[in-house]
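Below is one structure, written out as structure tokens; comments come after it.
The values are calculated or read from the model by the stated rules, or taken from the named source; none is laboratory data. For clarity, every value in this text was computed on a predicted model and none was experimentally measured. Reconstructed Cβ throughout: ideal geometry from the backbone, glycine too, with neighbour counts over all protein chains shown.
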Amino acid sequence: MSTYAPTLRSLFLAVFAASIAMPLSAQPGGDRATSIKPGESCPPGTTEIRPRSCLGPQEAAPSILDYRPHSTLVAPEHLVKKARFPAIDFHGHPFEMLGSVESLARMGAELDALNVRMIIVANNVSGDALKKMVATIKASPAMKDRVRVLTGIDFQNVGPGWAARAVAQLEADVAAGAVGIGEIGKGFGQTIRKADGSRLALDDPELDPIWQAAARLKLPVFIHTGDPQEFYQPVNYSNERWLELELFPGRRVSPDRHPNFEELMKERDNLFRRNPKTTFVAAHMGWHANDLGRLGKMMDEMPNLYVDVGAVLYDIGRQPRAAHDFFVKHQDRILFGKDSYQPEEYPYYWRVFETNDDYFDYYRHYHAFWKLYGIGLPDEVLKKVYYGNALRITPRLPQTGW
Ligand SMILES: [Zn+2]
């Protein structure tokens, strides 16, 4: 070895020194790159290509609507058309399928192809509308044991005399065939007013008689509170739901509106706590599927709390390990529910719950700019989530044949 041959270390130091001294124009992107200071973000239209060096594409960037890259990942793919075990859709809104015996039969065929054996109509119907719906279902040879209906509560004008009227209506609806209460909509807590004009809080003590009646009659209370937390945030380019909030501006909740997200959630949790004998099913995993630690604490603290998984698959499927563990730990408290009735969307749920597939498309891009992963639930957990938990907390459902 000659003595003046550079050692590896000195060679590395020389290259390193040269790279520090290299002017911006010699770096990738050349003159078009822009440098920023530590802590700054890149200017609009550029992205950070090296530490503190930002570059924009040569051609105009496509809109986020038009950028649809095809994944080149080659990985095992298990499409699941039918649920592995019969399912109860606890969060059903099959509005247009309920009108006649013929449309019910059509829905039956669609549900058979998915292995959804039963659907719970969460359309908040009461009184004569409920009686009419139950009569149509009873007249359907195909579906009379496969569709059940929740009753709604009219929260308008809560004040003197309201509770007695509401409980009487609830009892009448149960006699007419209702199996639970719901879906209590998001207007409750946000926009509904009391008789005296004040906002009706979720935990208003004047409502306690109705929750107590639900416990006495063994009716689960299916309740949707508020909106995803991003809907309460400024609609800017770091908002995860920017596209949805621009497509549907009516979904924005003004950031200074009261109650805000946290205030609503506090009232809701207080409602669950002050009525421990009443079974509550929080729709959409209570909007905490993006924070399973928080939801897990609630589940530990409130044994009367259950959740459905409707329309939050994008959060479940982006954290497969945490979601798997959450579902296993709380397997007795999670119910399958789909929300919007779109038969072609159910198989995405089956795939997330039943497989360990990696990195696959979700059905609704405006919900999520990311891919989903399977959480590979064991059969015993699937059975509970698909039907067992719904049957247990809703004793008025047909209980045989499962
Ligand atoms: Zn719903």
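A few comments on the model shown:
- Residue among S238, S198 that alone is away from the ligand (no atom under 16 Å from the Cβ), closer than 30 Å to P43 by Cα and out of contact with any Gly (no Cβ under 8 Å at 6 or more places or on another chain): S238
- Residue within segment 268-283 that is closer than 30 Å to R106 by Cα, within 16 Å of the ligand (Cβ to nearest atom) and not in a helix (DSSP H, G or I) present: yes
- Within segment 256-287, the set of residues being surrounded by fewer than 21 Cβ atoms within 10 Å (Cβ to Cβ) and within 17 Å of K186 (Cα to Cα) comprises R257, H258, P259, N260, F261, E262, E263, K266, E267, D269, N270.
- For segment 339-364, the tally of residues that are away from the ligand (no atom under 16 Å from the Cβ) and within 14 Å of F85 (Cβ to Cβ) stands at 3.
- Among the conditions (1) surrounded by fewer than 18 Cβ atoms within 10 Å (Cβ to Cβ); (2) more than 16 Å from the ligand (Cβ to nearest atom), G187 misses just one, which is (2).
- Near pairs, Cβ below 6 angstrom, 6+ apart or cross-chain, from segment 191-202 (more than 13 Å from Q156 (Cβ to Cβ)) to any residue that is among the hydrophobic types (A, V, I, L, M, F, W, C): L202/L271
- Scanning segment 203-250 for residues being more than 16 Å from I153 (Cα to Cα), out of contact with any Leu (no Cβ under 6 Å at 6 or more places or on another chain) and small (G, A, S) gives a total of 2.
- Matching option when the condition is hydrophobic (A, V, I, L, M, F, W, C) and more than 30 Å from I192 (Cβ to Cβ), among L104, L98: L104
- Matching residues in segment 313-338 - criterion: being surrounded by fewer than 22 Cβ atoms within 10 Å (Cβ to Cβ) and within 14 Å of the ligand (Cβ to nearest atom): none
- Of all residues in segment 241-257 being hydrophobic (A, V, I, L, M, F, W, C) and assigned to a helix (DSSP H, G or I), the one that is nearest to C42 (Cα to Cα): W242
- Taking every residue in segment 85-110 that is of a type in the set (S, T, N, Q) and pairing it with any residue that is surrounded by 17 or more Cβ atoms within 10 Å (Cβ to Cβ), at least 6 positions away or on another chain, the pairs with Cβ-Cβ distances below 9 Å are S100/T136; S100/S140; S103/P94; S103/M97.
- Test for M97: is it surrounded by 13 or more Cβ atoms within 10 Å (Cβ to Cβ), in contact with a Lys or Arg (Cβ under 6 Å, 6 or more places away or on another chain) and within 27 Å of Y363 (Cα to Cα): no
Okay, residues lined up against (1) within 20 Å of M118 (Cα to Cα); (2) without any contact (Cβ under 8 Å) to a residue 60 or more places away in the chain; (3) more than 16 Å from the chain's Cα centre (by Cα):
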site	(1), (2), (3)
I334	yes, yes, no
Q342	yes, yes, no
Y348	yes, yes, no
T355	no, no, yes
H367	no, no, no
L372	no, yes, no
K384	yes, yes, yes
G388	yes, yes, yes
T394	yes, no, yes
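- Verdict on L207 being surrounded by 20 or more Cβ atoms within 10 Å (Cβ to Cβ), more than 16 Å from the ligand (Cβ to nearest atom) and not in a helix (DSSP H, G or I): no
- Qualifying residue in segment 162-183 (condition: out of contact with any helix residue (DSSP H, G or I) (no Cβ under 8 Å at 6 or more places or on another chain), under 26 Å from I88 (Cα atoms) and not small (G, A, S)): yes
- Some residue of segment 74-89 being closer than 30 Å to D357 by Cβ, within 16 Å of the ligand (Cβ to nearest atom) and either of a type outside the set (S, T, Y) or surrounded by 16 or more Cβ atoms within 10 Å (Cβ to Cβ) (or both): yes
- A single member of L11, L24 is in contact with a helix residue (DSSP H, G or I) (Cβ under 8 Å, 6 or more places away or on another chain) and either surrounded by 11 or more Cβ atoms within 10 Å (Cβ to Cβ) or modelled with pLDDT of 80 or more (or both), and it is L24.
- Residues within segment 120-154 that are within 16 Å of the ligand (Cβ to nearest atom), in contact (Cβ under 8 Å) with a residue 60 or more places away in the chain and not polar (S, T, N, Q), tallied: 4
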